[in-house]
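The values are calculated or read from the model by the stated rules, or taken from the named source; none is laboratory data. The model shown is predicted, which means the values in this text are computed figures rather than measured ones. Please note: Cβ atoms are built from the backbone with ideal geometry, for glycine as well, and neighbour counts cover all protein chains shown. Calculation scope for accessible area: heavy atoms of the full protein, side chains included, ligands and nucleic acids excluded. Shrake-Rupley method; radii C 1.70, N 1.55, O 1.52, S 1.80 Å.
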Amino acid sequence: MDILKSLGHPEEILNLFKFKMGGCRAVMPKLDYESMSESLRTCYLYLNQTSRSFAAVIQALDGELRHAVCIFYLVLRALDTVEDDMSIPLDKKVPMLNNFHTFLYQDEWCFTESQEKDRQVLEDFPTISLEFRNLAQEYREVISDICHRMGVGMAEFLEKKVGSMKEWDQYCHYVAGLVGIGLSQLFSASQLEDPEVGQDTELANSMGLFLQKTNIIRDYLEDTQEGRAFWPQEAWSQFAGHLEDLAQPEKLESALSCLNLLVTDALRHVPDVITYLSRLRNQSVFNFCAIPQVMAIATLSTCYNNPMVFQGVVKIRKGQAVTLMMEATNMRAVQTIITQYSQEILQKVSLTDPSRDKTLHILAVIREKSAWSQSSLPPRTLHLTPMYLSAAMLLAALSWQYLSTTDRHDWLMSVFSDFTGEL
């Protein structure tokens, strides 16, 4: 039961209860599907089916930007499905990836041979491409350009592994940095954000790289078991002969050293994340961008020096995810969260870790960038009397059990499965 995992965190229990009682609507307002065309409703159906977490934050965006980002996501999900499908031979996959952006303007193009779980976005691509062509020109240009650049990058890495740390950055740029750049350009095109947001591609790239590197770090075991290798060889070869060797119990010390090296590398993007978020003015865009970023730093804090990365699935608690979503609605709160998890990582840094100096340095930079001293941070823990806490926990537990039984088919009930398993 989710609530049991948060017993040591009373604020999470109360936030779980508030979320179940409708607090989710503060950051995820209900969408009016009735006013949409049938094809657009279908696109939102596919959005909810392929990523509940991104569906939640996308549908909270304002105005026409919401539809543009929905279509952007589905186009890239279709492209990613082609890349992931190991049943497609390379001589067929490479030209598909390189030319995928052209399919956006072909009314009837679809692909019905995929074996992937999200194959519906390829099988019914005509519906997605129709809604793409219904978008304003400024949105179409951004989506087509990013799709083209991403497809070319994916094709490049199909036949080569991620070797150097520089190549790791390049791979993450193709699969996630370009998403950050495209989203930023969509924000500016909508006029909900200033042109500067879309023009500063370096900051936008860092937003994507931070999320992607967090995913790659956390998913080590799943990826290696399925024959995928995304940890850069330059990093893991310092500690093992083969990437999969890090999962061996006798290699634990070396594995943790490699893990901490990569977490440290991912953390270097956090100062850019802070700068990027501080420029945002629209509340719905801020929520959309900030929530995944605070989820990511919470996940990195959980992963740092954690043997479970090599033994199973590392997740943040659902109560933790709900609390982050409900709190990360302004810059001060985001800075507080970032400082909190940076401090948690700092407390885990070993005296003997090979990356210790680099880790301490980037954590100091993050603290300075956040510009909040520990003494000035507002408290994030509720101070409750034992009697009140016991009563609140009992009420929350009973309410959660009741609502889970009566409302189990609401998609919001499971929105955090992606946040707590997949960012």
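Here is how the numbers come out for the structure above:
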quantity: Among the candidates Thr381, Thr336, Thr352, residue that is at pLDDT 85 or above, on the phi < 0 side of the Ramachandran plot, open to solvent by 60 Å² or more (accessible area, probe 1.4 Å) and among the β-branched types (Val, Ile, Thr); calculated: Thr352
quantity: The range 227-250 residues that are over 14 Å from Lys166 (Cα atoms) and in contact (Cβ under 8 Å) with a residue 24 or more places away in the chain, paired with ones that are open to solvent by 70 Å² or more (accessible area, probe 1.4 Å) and outside any loop (DSSP other than H, G, I, E, B) (beta carbon under 9 Å, 6 or more apart); calculated: Ala229/Glu244; Ala247/Gln225
quantity: Odd one out for Arg281, checked against (1) over 21 Å from Gly63 (Cβ atoms); (2) at pLDDT 95 or above; calculated: (1)
quantity: Residues within the range 294-317 that are part of a loop (DSSP other than H, G, I, E, B), open to solvent by less than 40 Å² (accessible area, probe 1.4 Å) and closer than 14 Å to Val263 by Cβ, tallied; calculated: 3
quantity: Residue ID - nearest to Glu64 (Cα to Cα), chosen from residues in the range 79-97 that are open to solvent by less than 50 Å² (accessible area, probe 1.4 Å) and not hydrophobic (A, V, I, L, M, F, W, C); calculated: Asp80
quantity: Test: Asp357 is of a type in the set (D, E, K, R), open to solvent by less than 30 Å² (accessible area, probe 1.4 Å) and either part of a helix (DSSP H, G or I) or modelled with pLDDT of 85 or more (or both); calculated: no
quantity: Wholly enclosed helices (runs of 4 or more DSSP H) of the range 196-248 bearing at least 2 residues at pLDDT below 95, under 22 Å from Glu159 (Cα atoms) and under 19 Å from the mean Cα position of the chain (by Cα); calculated: 220-225
quantity: Failed item in (1) touching a Leu at 6+ places or on another chain (Cβ under 9 Å); (2) crowded, with 18+ Cβ neighbours inside 10 Å; (3) of a type outside the set (Lys, Arg), with Gly63 passing the rest; calculated: (2)
quantity: Of the criteria (1) open to solvent by 10 Å² or more (accessible area, probe 1.4 Å); (2) not in a helix (DSSP H, G or I), which one Asp169 fails; calculated: (2)
quantity: Count of residues meeting criterion [closer than 18 Å to Ala78 by Cα and in contact (Cβ under 8 Å) with a residue 60 or more places away in the chain] in the range 163-196; calculated: 4
quantity: The range 98-119, residues that are buried (at least 20 other Cβ atoms within 10 Å of the Cβ) and out of contact with any helix residue (DSSP H, G or I) (no Cβ under 6 Å at 6 or more places or on another chain); calculated: Phe103
quantity: Matching helices (runs of 4 or more DSSP H) fully within the range 31-103 where at least 1 residues are more than 19 Å from the chain's Cα centre (by Cα) and in contact (Cβ under 8 Å) with a residue 24 or more places away in the chain; calculated: 38-50, 63-84, 90-99
quantity: Subset of the range 121-147 (residues that are surrounded by fewer than 19 Cβ atoms within 10 Å (Cβ to Cβ) and in a helix (DSSP H, G or I)); calculated: Glu123, Pro126, Leu130, Arg133, Gln137, Glu138, Arg140, Glu141, Ser144, Asp145
